[in-house]
Amino acid sequence: MRENAIEVKNLSISYRNLQTMSIKQSLFKARKVKNEEIEAVKNVTFSVRQGDILGIIGKNGSGKSTLLRALAGIFSPNSGTIDLKGHNVALLSIGVGFQKTMTGRQNIMLSGMLLGFSESYIQGKLEEIIEFAELGKFIDRPVQTYSSGMYSKLAFSITVVLESEIILIDEVLSVGDQQFKKKSYNKMKELIAHHDRTVVIVSHSISTLKKLCDSVMWMNEGEIVKIGKSKEVLREYVAFMEK
């Protein structure tokens with residue numbers, strides 16, 4: 001029996017939502033600014049076996065991306081634990097992970113080193129990453145000049161070529177031109193076939209999760225509604241959303 005690559009126990013994550021008002025509102029209303037605490041993830045427990053692909057689905061605001069960022073080490077939990085069993089982990093998400101003033105080439109090196117790979121290993125993979133990303137001359141331009149599709153291509157290329165042990169994907173497969181989507185999908189299938197690699201995919205795409213995932217976790221308002229076989233959970237989720 002395969003061991004777990006990810007173990008999450010009693011995880012809760014809260015953040016403060018500062019509700020401000022305009023200057024005009026502040027002049028005419030004696031209303032206090034609210035500092036509201038939002039509980040994004042509520043006492044969540046689950047595990048993912050090494051080599052499995054877990055999909056996470058739920059309506060906007062259900063805590064999916066917050067959970068993924070906690071797995072990546074970006075958000076700290078208020079309580080509970082996350083155990084990645086010593087594996088290196090990469091997060092593919094638009095707007096996360098790159099230094100905007102650095103070039104694409106420089107960000108490849110930086111991202112690879114943050115993932116724990118040696119400089120010599122990244123150098124050996126550099127041209128493969130650049131070729132897969134299909135960014136042309138933009139690879140030597142600052143990332144802040146990139147479109148969301150270009151950003152997505154670079155993030156995806158770094159992660160799949162460097163082959164992290166745990167890959168976390170936040171809607172990245174749905175960004176980019178049609179040709180790159182097809183290439184990304186095929187590359188993901190190739191990576192998934194590697195039984196030592198563990199993948200967690202957050203997506204609203206029923207078809208993507210159904211095709212790629214061994215199991216799906218449905219979240220709603222920060223809690224797990226159900227986790228189980230992909231087709232079964234997705235069928236119940238669709239029925240719930242159509243009510």
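Things to note:
- Residues of the range 19-26 include none that is surrounded by 12 or more Cβ atoms within 10 Å (Cβ to Cβ), aliphatic (A, V, I, L, M) and modelled with pLDDT of 90 or more.
- Taken as a whole, the structure places G80 among residues that are of a type outside the set (V, I, T) and assigned to a strand (DSSP E or B).
- F75 meets the conditions (1) under 25 Å from S14 (Cα atoms); (2) outside any loop (DSSP other than H, G, I, E, B) in every case but one. The failed one is (2).
- Filter pass, G124 being of a type in the set (G, A, S), at pLDDT 95 or above, at negative phi and in contact with a strand residue (DSSP E or B) (Cβ under 9 Å, 6 or more places away or on another chain): no
- Top-ranked residue of the range 42-69 - restricted to ones that are of a type in the set (S, T, N, Q) and closer than 19 Å to E221 by Cβ, ranked as surrounded by the most Cβ atoms within 10 Å (Cβ to Cβ): S62
- Residue check, Y146 of a type in the set (S, T, Y) and at pLDDT 90 or above: yes
- Residues that are in a helix (DSSP H, G or I), out of contact with any Phe, Trp or Tyr (no Cβ under 6 Å at 6 or more places or on another chain) and buried (at least 20 other Cβ atoms within 10 Å of the Cβ), drawn from the range 217-233: S230
The values are calculated or read from the model by the stated rules, or taken from the named source; none is laboratory data. Since the structure is predicted, the reported quantities are computational estimates derived from the model, not experimental observations. Don't worry about glycine lacking a Cβ; one is built from the backbone with ideal geometry, like all the others, and counts go over all protein chains shown.
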